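Throughout, read-outs are computed from the coordinates displayed, never taken from laboratory work. A quick note: this is a predicted structure, and the numbers were derived from the prediction, not measured. Using ideal geometry, Cβ is built from the backbone for each residue, glycine included, and neighbour counts are taken over all protein chains shown.
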Amino acid sequence: MVTVRALVRRPSPRLAEGLLTHLERVPVDFELARRQWQQYVDALTAAGWSTVEVPPADDCPDGVFVEDTMVVYGNLAVIARAGADERRPEAAEAERAVAAQGYEIAHVADPGTFDGGDILKVGSTVYVGLGGRTNQAGIDQLRQHLEPLGAEVVAVPVQKVLHLKSAVTALPDGTVIGYEPLTDNPAAFPEFLAVPEEGGAHVVLLGEDRLLMAASAPKTAELFRERGYTPVVVDISEFEKLEGCVTCLSVRLRS
Ligand code: CIR
């Protein structure tokens, strides 16, 4: 069995000030968010993963969404230059943490930007959302870093949601799943399965056909059960209020 390590970062006390693009601001219960974050971490460890905490970034409201700070491919971590200026200070400690796990480091530099949430890996295909947070220069630089490692980088326009992975993620067999009203171009993916809820579009593959997913998508959980998967459900309501989902709360280090 491959031991997966996951980088996580506990929520900042300023979480409620996190950026919003497509949602209206509603009150965030910080104590509940802290409990939900711990339950998320517990779900990863229950799957046999080890978690590595990136030092807290209390001045960064969105720091908990640690996935956005990088993309890892093979033994390389490409550190993001965040699409939102406010989020750039999150990267330095995340870089130190992933380097300490033995990863080689590369950077996307000015004028390039990307957020890790815009990157969906399916086998050796790396889909990159081109939208509000990730620009063409960022994609060009990612291509330079990742294609020598055997990846094929495919740009996918994203307009309806914050990040590509707000719209789509993938099942273990490579089928891309998405909530169709929020998926800009389902035809961009060779295999696409529409799910009945927005929160159902996001899964973290825990191994052995277990899928970590949000409690906000019970019908989708049922659909996955019928297809032979075992949903592992966590309530992340406080992070969903800030346009977060199960993928953005960790960086999976699978090699
Ligand atoms: C932001 O707007 O950057 C945060 N409020 C949400 C980031 C969510 N990250 C992700 O989906 N990968």
Ranked by GNM mean-square fluctuation in the chain (Cα springs under 10 Å), the top entry among L171, L205, L223 is L223
Return the sequence-ordered ³J(HN,Hα) values of segment 102-117 in whole Hz as given by the Karplus equation 6.51 cos²θ - 1.76 cosθ + 1.60 applied to θ = phi - 60°, using x for Gly and Pro.
-> x, 7, 5, 10, 9, 10, 9, 10, 3, x, x, 9, 7, 10, x, x
Rounded to the nearest 5, what is the percent of antiparallel bridges among the DSSP beta bridges in the chain?
-> 45 percent
Just need the relative contact order of the chain here, percent rounded to a whole number, with Cα pairs under 8 Å and 6+ apart.
-> 22 percent
Most mobile of V233, V176, V26 in a GNM of the chain (Cα contacts under 10 Å) = V26
Report, please, the projected area of segment 51-145 averaged over directions, based on the convex hull of its C-alpha atoms, in nm².
-> 5.9 nm²
Could you list which residues have their amide H under 5 Å from that of R210, counting only those 5 or more apart in sequence or on another chain, with H placed in the peptide plane?
-> T230
Scoring only Lys, Arg, Asp and Glu (+1, +1, -1, -1) among other residues with Cβ under 9 Å from the Cβ of K165 yields -2
Tell me which residues come under 5 Å, amide H to amide H, from A106 once H is placed; ignore anything under 5 positions away on its chain.
-> A77, V78, I79
Net charge of Cβ neighbours under 12 Å - reference R225; Lys, Arg +1; Asp, Glu -1 = 0
Translational D (Stokes-Einstein, µm²/s) of segment 5-253 at 20 °C and 1.002 mPa s when Rh comes from the Kirkwood sum over C-alpha pairs?
-> 120 µm²/s
